[in-house]
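S.K.: Before I ask anything, here is the structure I am working with.
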């Protein structure tokens, strides 16, 4: 059976950072930011696959600039790579203070696995890549997937040997 092909899906969300989202320094908790990034990335994955999608891993999480109480953040996600059952979603966070100037604050690559209602992995469409930017992102996604496979093997060894 031939796999369906489709262009990338996107998802985005904006929110204001409130005091309960911040630490003693008045900057946003990293874990809170990752939670929101995961949620927006998951919406993007679901839109692309047309199924449920669960987070398999978070790769190359980078915090670039602190996010302060009162900042408005925008989280944007885009599918950049697909395998047979998994996909990689690039998620970026920008912030703005009291002007509309946007500053990139964080970026991560989320790997999702598409599943059916019984929780069994299912096939997904193949990503169509055409532009130079899409090809570069796809290649980044492939590199990330290759690293993930090595980490999965390492983790399996740790489990088997109780390390």
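S.K.: Please name all residue pairs, on different chains or six or more residues apart, with Cβ atoms under 6 Å, provided the first residue is in the stretch 37-54 and is at pLDDT 95 or above and the second residue is surrounded by fewer than 19 Cβ atoms within 10 Å (Cβ to Cβ) and part of a helix (DSSP H, G or I).
M.R.: Taking only residues 6 or more apart or on different chains, the pairs are 53/46.
S.K.: Right, another one. Can you name the residue in the stretch 92-118 that is free of Cβ contacts under 8 Å to residues at least 40 places away in the same chain and in a loop (DSSP other than H, G, I, E, B) and is also farthest from residue 61 (Cα to Cα) among such residues?
M.R.: 118
S.K.: Within the group 39, 61, which residue is in contact with a strand residue (DSSP E or B) (Cβ under 9 Å, 6 or more places away or on another chain) and either loosely packed, with under 14 Cβ neighbours inside 10 Å or farther than 22 Å from residue 122 by Cα (or both)?
M.R.: Working: 39 fails: either loosely packed, with under 14 Cβ neighbours inside 10 Å or farther than 22 Å from residue 122 by Cα (or both).
From the options 39, 61, the qualifying one is 61.
S.K.: Among the numbered criteria (1) on the phi < 0 side of the Ramachandran plot; (2) surrounded by fewer than 14 Cβ atoms within 10 Å (Cβ to Cβ); (3) over 18 Å from the mean Cα position of the chain (by Cα), which single criterion is violated by residue 121?
M.R.: (2)
S.K.: Counting only residues that are touching a residue at least 24 places away in the same chain (Cβ under 8 Å) and not in a helix (DSSP H, G or I), which one in the stretch 26-36 is surrounded by the fewest Cβ atoms within 10 Å (Cβ to Cβ)? Break it down stepwise before answering.
M.R.: Taking the stretch 26-36 and keeping what is touching a residue at least 24 places away in the same chain (Cβ under 8 Å), we get 26-28, 30, 33-34, 36.
Pick out the ones that are also not in a helix (DSSP H, G or I) and you get 26-28.
Numbers: 26: 13, 27: 18, 28: 25.
Taking the candidates together, the pick is 26.
The values are calculated or read from the model by the stated rules, or taken from the named source; none is laboratory data. Model, not experiment: these values are computed from the prediction. For neighbour counting, all protein chains shown are included, and Cβ atoms are generated from backbone atoms with ideal geometry for every residue, glycine included.
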